[in-house]
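Participant: This is the structure, below, for whatever I ask next.
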Amino acid sequence: MDCSSSEMDWHELSYNHWTESHVSSWLKSIGIKEPYIIRVKEEEVTGSVLTTLQREYLSNTIGMKSGQIEHLLKKRDDLLKAEQCKIKNKTGSSSKKSEDKKDNVFVLQEEPKPHTQKSCEREEQGNIPNVCNDTLNSDVAFCDYRKFDTREKNFRYVKHNLLPPETGTDNMIVPCHEYKSLEVAHKLDSKRLKSKVASEVLRFACACMNMRANGTIHFGVMDKVKGTHKHGEITGIPLKNQEDFVDALDYIERCFKGSAHQIDARSCIRNPCFIEVLDKETTEKTWVVEYDVIPKSSIVKDKLYYVAVPKFNEKDGKVEVKREEQVSYYRVGASSSQIPEDHFVIFIQGLKEKDQQREEAESSSNETALEFKEDQKRKLSILLTGGKKLMDNSLFYIVVTNKIQPDHLDNINFLVNMNLFCVFDFDPDSKVSGLCGRYKEQKPATLHFLNDYENVKRLGNSDLTASLKLFDQVSWIFCNGRNNFPGENAPCDEITWIKTRKKKMKKAVSLICNEILPRRSFIVLFLLMSDVEQPLVETFHEFYAEMNGHDCLTVISESREIYKKWSSLAQVSCTITALKEISIVNMPLSHVDATVQSIQLSKNQPTRKLPVSNGGLCFLKSTEEAILDSLEIISVDQCDDTDLEIMTKDEIEQTELHFYRGGKIDWINFWLADKHKCGGIIERDACTDASTILASVVNNCKDMRPVDSVNVYHQPGSGGSTVARQLLWSWKTKVRCAVVKQSTEVSTVCEHAMKLREHDENDKNSCLPVLLLLEDQNPDYIDDLRRNLGSVITIKKIRSSVLCFILLICNRSNDPERMCRASPSQTVAVTHKLSDEEKSLFLEKVEQLKLQFEEDFKFIITFVLMSKDFEPSYIKGFVKNILKKIDHSLPITRLIRFVALLNCYVKDSYISMSHCEEYLGIAPPLGGTRYHAFVDLLSEEARLIFIHLRDSSTHIQSIRIIHTMVAKEILRQLSANLPQSSIAMELIKDEVLMNHRFDRDQFLRVIRALFIRRNKKTRGDPEDTTFSPLIENVIAERDGVQRAVDLMKAAYIALGKDAYVAQQLARLLYTNKRFEEALEWAEIAKTLSPHDTFILDTLGQVYKKWFYHLYDTLEEKEPSPERGVEIINIALKGISAFRASEKTPKKETVSLNSSYYGEVDVGCRLLKFLSGVDVFSITTGYSELMKYLLTDYIPEEVKIPWQRLHQQLKGLEKSLRRALECISEDLSYFQTDISEEDEELDARDPEQVYKPREWLTKKSAVYARFFCKVPKECYEAAENNRTDLVAQATKLSPFQRQMRTYMLGGGNVTAILSLIYDKKPQRAAKKLEEIMAMYPENLTWKDLDEAELSNFIFCQIALNCILPGSSKLFSLQKLQELSKRFKTQGKYMSSASALFLLSLLFWPETTQEVSSADLQILLSAIDALQRLCEQKIKFMSQRKSRIVTHFFLAKAKGLNKIVHRSVIEKQIKGTLSEKKLKWLGGEVWKTKEVVQQLKRIEGWTENENLYVQCGHKNKIRIIPRYSASMPHGNERVTFYLGFSFDGVVALDIHVMK
């Protein structure tokens, strides 16, 4: 089979050669539905099977409906007709002559056939057109004959393979060959078949005996070109009865002349060999039948043989042998012919010479031939390394093996040292007594079954890889189940395996080869250590097909017999000759082990060394280390397993060169420098500073934190990552060091870090600290890790003064110096700017490298740029010189543009080498040589600016520009002639890159980020952007907005109709006042993702901006009702869209529903517009408007124009109030920070995102103003005279009173509590007193609704926090009495804020002294709060730690027992970052003022719950604010008590001594 056919498109192949994938693609192209395509593929329908599909099969097995069946069969028939037309065109008159020539060469004259035989063949020939064989079966492989005169048990032929052409008698010992197809004759009855076979065999044997030449006649092999068959093609014949072919030789006695000749014939003609023909397409068994003829000189000397061939007489149904017609035959070329009379005498005279030649040939053939000895060491090395001199980690290895005998298990160390990806193990006992068990003694492995690779959950590649831990540990796949294992994966026989597990094997192999591992990045090693069975061979077939040939396959077999059986079965996919090329046979496994180990660069270290607290070292076993797979541990003896004797000087130089070209530094760089095998690595000033900070952290005895941190902020490409790794390398002997792997769960990292700290240490309070490097992790992740580590330290009862962990946080920032100023004592900044001392070191190093690398020095441009401070003029000149020399029309130049574009705008972006090869049309070479082959095809300029990267875990090889600043300059200079919009458009419209299957998910993520990710100062970007930086730059081009729109539309299509791209396009359009188009795209986004909050919110934003635009551009100051219809309609549509978003279940990452903000914005602006309509703008306008909005009253002027709007407008006040309350409630529950992902999609105004509490207070006042009865002028007068405002309170209705309190800032909980943060306490206290004055003394509390009562009590608590001595304050008992109106159960249960007040007010000062009634209120309130909170966070994966704790329990009495969090925040000194660290690290609870003020509560843990005794018998369940801080087991504990909207919470939990 042509090794590239599976990669070719179905258009390019004949349907006979289609695989299942080709058939699926064709079905998709003709419009068959996806579920049916999947079913057809699962049933393994290839192209040849497609031609025979029947209606019943499609209906019953595939489950197709009749319409789809009719369509498929019609298209299938059209396909067949089109193919036949192609064949006819290709095999016209010109090919007819060449075909006749072939017949003359290859076709042998046959004896006249019986009538029935002739008619059968004629009929068959009529059905099959004679076509040019170069057109069809071009993928047929050649094969070798069976070894002459041997009966090999494990020899087989493969159907459609080609044997060499028939031959004559060039050499008497080397057999001549003759073929007979018997394609019609095999159907004859026994008598006819025997006579036919006998006639062919005896004629051929007589000729061979007369020629004194060995020969073989083959039945079941095409003897001429016929139909689609080639000459010499193995077709095989089905055998009804093998005895017919044996009995055919009984004609010898009837056909040969004389008894002596008959005995000779019996001696020379061997009994038939029946050789099985393997055929993937059918289960029917067919055979090739072969007769060997060996005319030994001792038998045939001086004799001439005659034979009369048998003929079947159709008249009497008998076989006739006419002795009088006995004739002599001889071999003429490749045919057996009668010796002509005129040649007879000459032939007899030549017999003596033939006898002599035969004797000499036999004599020489008996001499022992020298056996060719293959250099198996060299061959094995080449097969396993892809031609390299050593075996490193540049390739993965997949091992496929059957049972390995116990005496061989001592010779598997070479496998342990290999970079194994997975093992397909067919030994069910491997875990107990086989390879798996022995391997796991030295290295860990994750045990899987084939089922695990089925991906029934349809996970993405990255999620599936993570769930199977594929790059963390070796995946050991038990392909035929496991013994002594519960479940449904018991071992089974071959037949059952093929029925039930073959499909699973196919899926697993396809997934690994096509989705998980890059092409040609791995080698599959077949270890044949016991008898071969069909399932193992099927696995070979699958790998051969998926890998497009045998280039990356290797076979090792210690036994020749096992290999013979293997090769005879495997030749269905791969020819015997090709198999020999990839096989190591008859080499003992012990020799294989020693040979492979001799080329392995690094050996598996069963143990590595770690420092311990007593100054010594301890061992860490590799099996123990592998369990800690979330960490990359740096040991004291890191890299000592590298064999310098194997590592060549060239490889050392390449390792060094890669770093100086801009590649990421590896531990081997430090190790080689320490061994003086390469130059030293410059240590920047920041490294020295960071090491000093680290030393002060480790040695600081006074203010020791259990979890401390050192920050390294660096400009991209300035060497920050190198600085961080230098720190780890230099400290690896003093503390335990590890790198936290990306995308690892915080809880897992926490668990593994603690195990690393305590490994082989005796005292948990005196362990060495662990230095953990976190690179480019987001702040939330770091905070969570810090919190979890702190909690575990508490649980383990480690002293709080012991330093346990140091987080080395290495993050990119465009302004690292600003980040350094925020926390100077713990942060260093790494910039492109070099100090004078650094500059001299760099310039000196440049000169050294120039001498060392000579010709390659020009590639070390990154280091040279660094030595020049990345001076813009130098970069500009360098790039200008590069671009001047390149041909802009070449594909490689386009690739440079694409990579530069991505590197400029998307952090950590790259294009995989697989994408590059596909784009440039390069066939990928194997593994380690891959990059060099790629580089050889690049232009000189491309080599200068491209850097090759390789992912350390997945081994995905990729390309990027050597430095971000170079990428930006390339893009800037190209933009002069080629706008960035054109480059981006060309990229996303390139089908090769966009549709390339490998690493496609990651590539599309980068493209998506290119169009969606915005710059944010909070992430260290230079400025905030409204859209992605690319789109912002495109907008700045000529006709930029339209170009940006066109680009976004193209990106939407290229990314598979991405809903978020459609959303961003809508934002772009409404920002540029193209509202109709924006609406269209917002609707498209909504259709694609109908329940996404952000997308629905964007639809509301379109209407909002549209409404604002219409309002702002309105010419009339007092528009008429008719003029306002369109504006009001747009506003109301916006409110409706925002409401739809509010009702949608929230996204998992969202805590606050942003759509309420949009509704309030539009509502308030709409009120302002309504107040300006001429009907309501007269002197009494405010009262008129309020009357219209709040009652059934409708002014005549608006009755008809607004008839469709009245209902919505009259509900405006209630909807606004509800939205404000919902915002307030959300802000009461949750912290207001926003995730990076949400930040990209959030369309709110900056104030709403970053200062939502201030925004809420302002909007509450705006809303309230419109519903107060007095005109605006009166308000302004009252604002200036607060006494008048309060005096008016007695005359206000309940509604007006509520509006006044809203206006003063007392309308909701959030607004009231935000007053506590006022920097002027007196001002805030006065405002609170004014709010409370709105409730006159003669008003009974029963007249207030629950919301008003709740707000009043919150005002009391807030006032007590600000001004404890105020005369307006009520006693605690009075507030408790008032709050008893709140309901904690039932249909009319009070709001969360009211329940929160109950938990706050009724928590007893001492838990022993509490009345049963008060206790019942408290318990009911806490229970109700917890239930409400669970409902609220039902649709979020929001961590409970994000919920705000508003108040804490103090030691004081009465209302003073309630302390607001602001009081504690005031006690924390330092910068904002340092304050945050103290909260997260728990230092806040150790502050002297906090300890003095807050009260510690005693409780206990039981069944993983935390309780407090309340009263004599009752216990209250407390929620630990950080669940990780809960001690394991049942313990007595103390903690601080906090009050939040999810109930009563415990903080700073400590186990009581």
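Participant: All but one of (1) under 21 Å from TRP729 (Cβ atoms); (2) open to solvent by 40 Å² or more (accessible area, probe 1.4 Å); (3) of a type in the set (Gly, Ala, Ser); (4) touching a residue at least 40 places away in the same chain (Cβ under 8 Å) hold for SER630; which doesn't?
Facilitator: Here SER630 meets the rest and fails (2).
Participant: Tally time: how many residues in the stretch 14-47 are open to solvent by 40 Å² or more (accessible area, probe 1.4 Å) and either in contact with a Gly (Cβ under 9 Å, 6 or more places away or on another chain) or small (Gly, Ala, Ser) (or both)?
Facilitator: 7
Participant: Need at least 1 residues that are of a type outside the set (S, T, N, Q) and more than 23 Å from LEU384 (Cβ to Cβ) per element, so show me which helices (runs of 4 or more DSSP H) inside the stretch 394-488 make the cut, counting only ones lying wholly within it. Quick ask: steps written out before the conclusion?
Facilitator: On the way: elements: 413-417, 430-433, 435-440, 461-468.
Filter on the stretch 394-488 gives 430-433, 435-440, 461-468.
Participant: Condition test on ASP144, is it over 52 Å from the mean Cα position of the chain (by Cα) and surrounded by fewer than 21 Cβ atoms within 10 Å (Cβ to Cβ)?
Facilitator: Against the criterion (over 52 Å from the mean Cα position of the chain (by Cα) and surrounded by fewer than 21 Cβ atoms within 10 Å (Cβ to Cβ)), ASP144 does not qualify.
Participant: For the stretch 411-430, name all the residues that are closer than 26 Å to SER394 by Cα and open to solvent by 10 Å² or more (accessible area, probe 1.4 Å).
Facilitator: Within the stretch 411-430, ASN411, ASN413, ASN417, ASN419, LEU420 qualify.
Participant: Considering the stretch 56-81 alone, what residues qualify as being charged (D, E, K, R) and closer than 25 Å to LEU13 by Cα? Give the steps one after another, and end with the answer.
Facilitator: Going residue by residue through the stretch 56-81, those that are charged (D, E, K, R) are 56, 65, 70, 74-78, 81.
Across the stretch 56-81, the qualifying residues are GLU70, LYS74, LYS75, ARG76, ASP77, ASP78, LYS81.
Participant: Just one of ARG1300, ARG1323 is more than 23 Å from ARG1381 (Cβ to Cβ) and either at pLDDT 85 or above or open to solvent by less than 30 Å² (accessible area, probe 1.4 Å) (or both); which is it?
Facilitator: Only one candidate passes the filter, namely ARG1323.
Participant: While we're here: Of ARG458, ARG438, which residue is open to solvent by 30 Å² or more (accessible area, probe 1.4 Å), of a type in the set (Lys, Arg) and over 27 Å from the mean Cα position of the chain (by Cα)? Talk me through it step by step, then tell me what you get.
Facilitator: Details: ARG458 fails: over 27 Å from the mean Cα position of the chain (by Cα).
Being open to solvent by 30 Å² or more (accessible area, probe 1.4 Å), of a type in the set (Lys, Arg) and over 27 Å from the mean Cα position of the chain (by Cα) holds for just one of ARG458, ARG438, which is ARG438.
Participant: List every residue pair whose Cβ atoms lie under 7 Å apart, where the two residues are 6 or more positions apart in sequence or sit on different chains, the first residue falls within the stretch 1344-1371 and is at pLDDT 90 or above, and the second residue, located anywhere, is open to solvent by 10 Å² or more (accessible area, probe 1.4 Å) and of a type in the set (Lys, Arg).
Facilitator: That search, which allows pairs on different chains as well, returns LEU1359/LYS1368.
Participant: I need the full set of residues from the stretch 48-83 which are more than 16 Å from LEU27 (Cα to Cα) and either of a type in the set (Asp, Glu) or buried (at least 16 other Cβ atoms within 10 Å of the Cβ) (or both), in order please.
Facilitator: The answer is GLU56, GLU83.
Participant: Looking at (1) in contact (Cβ under 8 Å) with a residue 24 or more places away in the chain; (2) out of contact with any His (no Cβ under 8 Å at 6 or more places or on another chain), which is the one condition that is false for PRO518?
Facilitator: Failing condition for PRO518: (2).
Participant: I'd like to check something: does the stretch 294-307 contain any residue that is on the phi < 0 side of the Ramachandran plot and under 60 Å from the mean Cα position of the chain (by Cα)? Before you say what the answer is, go through the steps one by one.
Facilitator: Of the residues in the stretch 294-307, the ones on the phi < 0 side of the Ramachandran plot are 294-301, 303-307.
When the remaining residues are screened for being under 60 Å from the mean Cα position of the chain (by Cα), the result is none.
Checked the stretch 294-307: no residue is on the phi < 0 side of the Ramachandran plot and under 60 Å from the mean Cα position of the chain (by Cα).
Participant: Another one. If you take the residues of the stretch 1490-1513 that are modelled with pLDDT under 85 and open to solvent by 70 Å² or more (accessible area, probe 1.4 Å), which of them is farthest from the chain's Cα centre (by Cα)?
Facilitator: Among residues in the stretch 1490-1513 that are modelled with pLDDT under 85 and open to solvent by 70 Å² or more (accessible area, probe 1.4 Å), the one farthest from the chain's Cα centre (by Cα) is HIS1512.
Participant: In addition: Just to be sure, is LYS621 touching a Pro at 6+ places or on another chain (Cβ under 9 Å) and among the charged types (D, E, K, R)? Walk me through it before giving the result.
Facilitator: On the way: touching a Pro at 6+ places or on another chain (Cβ under 9 Å): yes; among the charged types (D, E, K, R): yes.
Yes: the conditions hold for LYS621.
Participant: How many residues are of a type in the set (Asp, Glu) and open to solvent by less than 20 Å² (accessible area, probe 1.4 Å) when one looks only at the stretch 1044-1103?
Facilitator: Within the stretch 1044-1103, the subset of a type in the set (Asp, Glu) is 1046, 1058, 1076-1077, 1080, 1083, 1092, 1097.
Now narrow it down to the ones that are open to solvent by less than 20 Å² (accessible area, probe 1.4 Å): 1092, 1097.
Qualifying residue count for the region: 2.
Participant: Same structure again: With the structure loaded, tell me whether GLN1426 is under 52 Å from the mean Cα position of the chain (by Cα) and not charged (D, E, K, R) or whether it fails that test.
Facilitator: Values: under 52 Å from the mean Cα position of the chain (by Cα): yes; not charged (D, E, K, R): yes.
Yes, satisfied.
Participant: Looking at the stretch 1020-1032, is at least one residue part of a helix (DSSP H, G or I), surrounded by 22 or more Cβ atoms within 10 Å (Cβ to Cβ) and of a type outside the set (Ser, Thr, Tyr)?
Facilitator: Scanning the stretch 1020-1032, I find at least one residue that is part of a helix (DSSP H, G or I), surrounded by 22 or more Cβ atoms within 10 Å (Cβ to Cβ) and of a type outside the set (Ser, Thr, Tyr), so the answer is yes.
Participant: Now a separate question. Conditions: (1) at pLDDT 90 or above; (2) open to solvent by 30 Å² or more (accessible area, probe 1.4 Å); (3) among the aliphatic types (A, V, I, L, M). ILE682 meets all but one. Number of the miss?
Facilitator: It is condition (1) that ILE682 fails.
Participant: Out of the residues in the stretch 1349-1371 that are open to solvent by 10 Å² or more (accessible area, probe 1.4 Å) and assigned to a helix (DSSP H, G or I), which is nearest to ALA1421 (Cα to Cα)?
Facilitator: ASN1351
Participant: Please go through (1) farther than 16 Å from GLY1163 by Cα; (2) of a type in the set (Phe, Trp, Tyr); (3) open to solvent by less than 10 Å² (accessible area, probe 1.4 Å) for PHE1107 and return the number of the only condition it doesn't satisfy.
Facilitator: (1)
Participant: Also: Among TYR305, TYR330, which is the only one that is surrounded by 13 or more Cβ atoms within 10 Å (Cβ to Cβ), assigned to a loop (DSSP other than H, G, I, E, B) and touching a residue at least 60 places away in the same chain (Cβ under 8 Å)?
Facilitator: Checking each option against the conditions leaves just TYR305.
Participant: Which of the following residues is of a type in the set (Val, Ile, Thr) and without any contact (Cβ under 8 Å) to a residue 60 or more places away in the chain: VAL746, VAL735? Spell out the reasoning first.
Facilitator: Numbers: VAL735 fails: without any contact (Cβ under 8 Å) to a residue 60 or more places away in the chain.
Within the list VAL746, VAL735, the selection yields VAL746.
The values are calculated or read from the model by the stated rules, or taken from the named source; none is laboratory data. Worth saying up front: this structure is predicted, and the values here are computed from it rather than measured. With ideal geometry, Cβ positions are generated from the backbone for all residues, glycine too; neighbour counts draw on all protein chains shown. To get the accessible areas, we keep the full protein, side chains included, count just its heavy atoms, and leave off ligands, DNA and RNA. Shrake-Rupley method; radii C 1.70, N 1.55, O 1.52, S 1.80 Å.
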